[in-house]
Amino acid sequence: MAEQTTGHRDATMPTTTPHTAEPRTGGPHTAEPLTAGPPADEPHTAEPLTAGPPADEPKHRIRALYTESTVTVYQAYTPAIGIPAARDGRFPAAWKRDRMTWVKPSFLWMMYRCGWAAKEGQETVLAVEISRSGFDWALRHACLSSYEPTVHADQAVWKRELKQSPARVQWDPERDLRLRPLPHRSLQLGLSGDAARRYADEWTVSITDVTPLVHRIHGLVLAGDESGAAALLPPERPYPSHGGLPSAVLPGGADGAGGARGPGGSGVRGAGADGGTDTPGAPAPSGR
């Protein structure tokens, strides 16, 4: 088990990308139910899209807060899980390693999912800094969370991949400060089995409670100070993978995922479905 940073950090401005865990259903930590795609209560496709991204922003690209060796992901949990995790720098025993958990590199998508830390079971938002080698491993071993005709020979092939893969990818509309959907997509990465265990016990470098930052940014948004709120957001940039990311995790193949490309590789492919929540050990985009 890798040594993890200890100490509870209440961040007003995260030093590393916050990792918010989606709450899991039916477990001590809130997480998304074990389904091939997002939960039925997340009808993102019904929402009108707001003003588009810059002209050069591809529809599918990983944007994240990262350093040379780490990348920050977010999850939202109940205080019973989130507070001990931030205090000790590691997930507690109550965090079930045998269930799927979803992590999100996008801070604002996490805010959409947890309702600015106001949703029940998602009151504590964590920024989890993990190793880039672990993050890239998960991407290389991931499959799409939904069937994609341009990627899979047929649904039987996709279902077989879904059962065998320790990670899955889906792409959901990125959000603005008002949590309105944008035309470009944000990555959600579901981890199960060996991937969930490695995430909790090997890849995690530090865990920071960024709930105070969440409340501060939300307060500025409510006050109409969007420029002030934007100034406090974690600086997320296009993510360059070590050696490139597999084109297999891009809807329609390598149709425009950002990030550095390796030999024959590109960005991450994901499902076109929107929404999802994370549960401890179950696939979902909100908390574990």
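The values are calculated or read from the model by the stated rules, or taken from the named source; none is laboratory data. Please read these numbers as outputs of a predicted model, since none were measured by experiment. For neighbour counting, all protein chains shown are included, and Cβ atoms are generated from backbone atoms with ideal geometry for every residue, glycine included. Heavy atoms of the whole protein, side chains included, go into the accessibility calculation; ligands, DNA and RNA do not. Shrake-Rupley method; radii C 1.70, N 1.55, O 1.52, S 1.80 Å.
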Would you calculate the separation in nanometres between label points at GLU202 and ASP154, each defined as 7 Å from the Cα along the Cα-to-beta-carbon direction?
3.6
Accessible surface, the stretch 85-126, averaged per residue in Å² (probe 1.4 Å):
31
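Computing the accessible area with a 1.4 Å probe over protein heavy atoms, can you report the carbon and sulfur percentage for the stretch 52-125? Write down the numbers at each step before the final one.
Numbers: 1410 of 2630 Å².
Of the solvent-accessible surface of the stretch 52-125, carbon and sulfur hold 54 percent.
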What length, rounded to one decimal in nm, is gained on full extension from ASP98 through to ARG178, with 0.36 nm per residue of separation minus their alpha-carbon distance?
25.3 nm
For the charge dipole of the stretch 89-171, defined by +1 on Lys and Arg C-beta atoms and -1 on Asp and Glu C-beta atoms about the Cα centroid, which residue among PHE107, GLY89, HIS141 has the Cα displaced farthest towards the positive pole?
GLY89
Would you kindly derive the ³J(HN,Hα) couplings of the stretch 168-175 from the backbone phi angles with the Karplus curve 6.51 cos²θ - 1.76 cosθ + 1.60 (θ = phi - 60°), listing them in order in whole Hz, with x for Gly and Pro?
9, 10, 9, 10, 10, x, 5, 10
Could I have the simple spin-label model distance between SER227 and GLU68, label points 7 Å from Cα toward Cβ, reported in nm to one decimal?
3.6
Give the lysines reachable from LYS96 as a straight Cα distance under 24 Å; neighbours fewer than 8 places away on the same chain don't count.
LYS104, LYS119, LYS163
